1. With axes computed from alpha carbons, what is the tilt in degrees of helix 126-145 against the longest principal axis of the chain, rounded to the nearest 10 within 0 to 90?
2. Which percent, to the nearest 5, of DSSP beta bridges fully inside the range 364-475 are antiparallel?
3. Using the number of other C-beta atoms within 10 angstrom as an exposure proxy, rank HIS26, HIS141, HIS51 with the fewest first.
4. Set the Förster distance to 60 Å, then compute FRET efficiency between LEU272 and ASP459 from the Cβ-Cβ distance, nearest 0.05.
5. Sort THR36, THR185 by Cβ crowding within 10 Å, fewest neighbours at the top.
6. Considering all projection directions equally, how large on average is the shadow of the alpha-carbon convex hull of the range 359-474, in square nanometres?
7. Compute the separation of the alpha-carbon centres of the range 379-419 and the range 264-327 and state it in Å as a whole number.
8. Which percent of Cα pairs goes in each bin when the distances of the range 210-263 are cut into 10 angstrom slices starting at zero?
Amino acid sequence: MLASLLVVLAVLTVRSRFDDPDMWWHLKLGQVIWTTHSIPVTDIFSYTTNHHSSIPHEWLSQLIIYGAYRLGGYSGLMLYLCVFTAILLIVGYGLCAAYSGNAKVSFLGALIIWLFATVGFSIRPQMIGYLLLIVALLLLHLGRIQNPRWFFCLPPLFAIWVNCHGSFFLGLTVAGTVLISSFFTFRIGSLVSRPWNPHRRRMLAMATILSVAALFLNPIGVKQVLYPITLMLNQPINLSQVSEWQPLQLTDVRTVGFLGTIGCVFSLVISLRSEIFWDELLLLVIAIWLAASHQRMLFVFGIISAPILSRLLSALWNNYSAERDHFWPNVALITMSLLVAFWSFPDRPNLTRQMDAQSPVQAVEFIRTSHLSGRMLNDYAFGGYLIWAAPEHPVFVDGRSDVFEWTGVLGDYGSWATLQSDPHTLLDKYKVDFCLLARPSQMARVMPLLRGWKSIYVDKISVIFVRAKVEANLK
């Protein structure tokens, strides 16, 4: 019954989230892979990168996303989001229940995962990656407390994971932390490192080695395995300018939950003298550092902290008793929950309105009907949609910030968009013929002041500017 409530929560949370600008280029790459039966290893969507090499580190997730679209169009994409959100919360609930042994407290743990996961619920590969992180934690726990053969489910998990999302590196970090912690046995106040059976430790070590080897079962090889490290070390503009990679903001309501969760964990350890295990503390410190450094890592913090807090709270709330359960009331509640989830699922007009509110749908139609041609400079947030809806017009930039940073395009665009350089410099360097910009952007107010540029289209969210020669050709 509690799991069915999580399904309702999942649908109500994501029903209005058909608006992620990166969704579109993920969808387009999935379509390319589906139709060509090959995985592109160079940029095929922009004219600014000159077909620079790229690392298709999420190709399997992109194929799954496009499969959802083929099955049901935009409704299929929303169903993908609802299903993966619900599964993630339910599996997270199962992890907390296995970890704490208390089914009631574990529901609170699932709500903690939900709170921090709201930072990243979207139609993107990260949904699959973080679901696999929860599964990895569950396998490590089952291998530690039950049969160590559970550890050998990790290598096939990582073989899939490395082709779905870069968060596999977090999974490897978690497995390595648990393995290293197994070599220590001590008690310092409430901090405890539990003794491990040598056979169980060898099984985990072997499974971890096989998991590392499984990472090379990908279409690129070592570059794909090293991609998460490359991201952290070689993309300073992406990490400093893109909002989801910026440090945690005090104005975010999730920050209150972040500080409250940390405070609750350590308060329980101190006031109730509850034990906190060495591997738990190490993983919690890593998760705190990641979340404080990058907003999107709140998702990881929730997954790591929820089972720990559930275990610490388990003695404060009576556990579920099957003998006292009532079958038919539970059936009624489950049925009602699933009906609410079904009725809450957004229809096609609702999805279309969400898309129209965030994407330059009308502007693309104007470009097509007016036969506007030439090199386009587009707003960063519009790039993904343009890749999907107007593939005949190669984009200037889009959410694939890695390839644009490596080629210097992202730096040029950032300086231009924030008025840190002469606007004419970029427009002339890339021989731009027309610009499709977000109406609230700074450059949308500057472009009318530039000699040789004129606005020819405007709507609620976008505006188009053209060079004088392009306007003459249109006439």
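Read-outs: derived from the displayed coordinates by stated rules, not from any lab. Predicted model only: the values in this text are computed from it and were never measured. Cβ atoms come from the backbone with ideal geometry, glycine included; neighbour counts cover every protein chain shown.
1. Tilt of helix 126-145: around 10 degrees.
2. Numbers: 10 of 13 bridges.
Beta bridges within the range 364-475, antiparallel portion: roughly 75 percent.
3. Values: HIS26 27, HIS141 16, HIS51 12.
In order of increasing Cβ crowding within 10 Å: HIS51, HIS141, HIS26.
4. Working: r = 59 Å, r/R0 = 0.98.
After rounding to 0.05, the efficiency reads 0.55.
5. On the way: THR36 9, THR185 12.
Least to most surrounded, the residues fall as THR36, THR185.
6. On the way: hull surface 26.0 nm².
For the range 359-474, the mean projected area of the Cα convex hull comes to 6.5 nm².
7. Between the Cα centre of the range 379-419 and that of the range 264-327, the gap is 40 Å.
8. Whole-percent P(r) values from 0 Å outward: 20, 28, 27, 23, 3.
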